[in-house]
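Trainee: Here it is: the structure, laid out below.
The values are calculated or read from the model by the stated rules, or taken from the named source; none is laboratory data. Just so you know, these numbers come straight off a predicted model, no measurement behind them. A quick note on method: Cβ atoms are made from the backbone with ideal geometry, for glycine too, and the neighbour counts reach across all protein chains shown.
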Amino acid sequence: MVTSNSSSRLSRIKKSIILTQTDTTVGFLSQDAQHLRKIKSRQSTKPFISVFQNFKTLKEQNIRIPTKRKKMLRRAKKSTFIVKNRAFRIASYPYTSEILRSLQWSFSTSANKSGENFSREFCEQKADIIIEAKDGLYEGKASKLYKINNSAIKRLR
């Protein structure tokens, strides 16, 4: 694959809807929440999960993690956390895609119309970029969801 350091190429990727297999299930990724909301017909009151490539990128977004929970967050696999009504995960993508490596963070949502099951036809129509490995796209089990603060951990899903 040819690499490019063009900033205009990167800005187009940030606004694109990417269909890919995440570490849990097939999903849409984008840095444009409004575009994601539009294609999924999602309520404006329902927020998206922010996915970060690493803990350092999460810290740069000024999300304060309770000190007692930092170790738990670093070691977590296939888990989403809510801190002060902000949902996020730290997940490295399983594929060595240049496109996914260029995104330090993105909004993530399951690849389906809001409230419906995965439909490959729907996803292919809505996605600007499709990243698929040889084992294909599959709807897996959703991530575990925890609401955390200094004093408690509550599993929501």
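Trainee: Could you please let me know if Leu36 is modelled with pLDDT of 85 or more, buried (at least 17 other Cβ atoms within 10 Å of the Cβ) and not in a strand (DSSP E or B)?
Mentor: Criteria met by Leu36.
Trainee: Next up: Counting only residues that are among the charged types (D, E, K, R) and assigned to a helix (DSSP H, G or I), which one in segment 109-134 is nearest to Ser41 (Cα to Cα)?
Mentor: Step by step, filter segment 109-134, then rank; the result is Lys126.
Trainee: Could you say whether any residue in segment 58-71 is among the hydroxyl-bearing types (Ser, Thr, Tyr), modelled with pLDDT under 85 and out of contact with any strand residue (DSSP E or B) (no Cβ under 8 Å at 6 or more places or on another chain)?
Mentor: No; the residues of segment 58-71 include none that is among the hydroxyl-bearing types (Ser, Thr, Tyr), modelled with pLDDT under 85 and out of contact with any strand residue (DSSP E or B) (no Cβ under 8 Å at 6 or more places or on another chain).
Conditions (1) touching a Gly at 6+ places or on another chain (Cβ under 7 Å); (2) at negative phi; (3) surrounded by fewer than 12 Cβ atoms within 10 Å (Cβ to Cβ); (4) free of Cβ contacts under 8 Å to residues at least 60 places away in the same chain, marked per residue:
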{"residue": "Ser50", "(1), (2), (3), (4)": "no, yes, no, yes"}
{"residue": "Phe55", "(1), (2), (3), (4)": "no, yes, no, yes"}
{"residue": "Ile63", "(1), (2), (3), (4)": "no, yes, no, yes"}
{"residue": "Thr67", "(1), (2), (3), (4)": "no, yes, yes, no"}
{"residue": "Asn117", "(1), (2), (3), (4)": "no, yes, yes, yes"}
{"residue": "Glu124", "(1), (2), (3), (4)": "no, yes, no, no"}
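Trainee: Determine which member of the set Ala91, Ala87 is modelled with pLDDT of 85 or more, closer than 22 Å to Ile65 by Cα and surrounded by 13 or more Cβ atoms within 10 Å (Cβ to Cβ).
Mentor: After applying the criteria, what remains is Ala87.
Trainee: Then there's this: Which members of segment 133-157 meet the condition of being of a type in the set (Asp, Glu) and surrounded by fewer than 16 Cβ atoms within 10 Å (Cβ to Cβ)?
Mentor: Within segment 133-157, just Asp135 meets the criteria.
Trainee: Here is a further query. Of all residues in segment 49-85, count the ones that are within 13 Å of the chain's Cα centre (by Cα) and either of a type in the set (Lys, Arg) or part of a helix (DSSP H, G or I) (or both).
Mentor: 2
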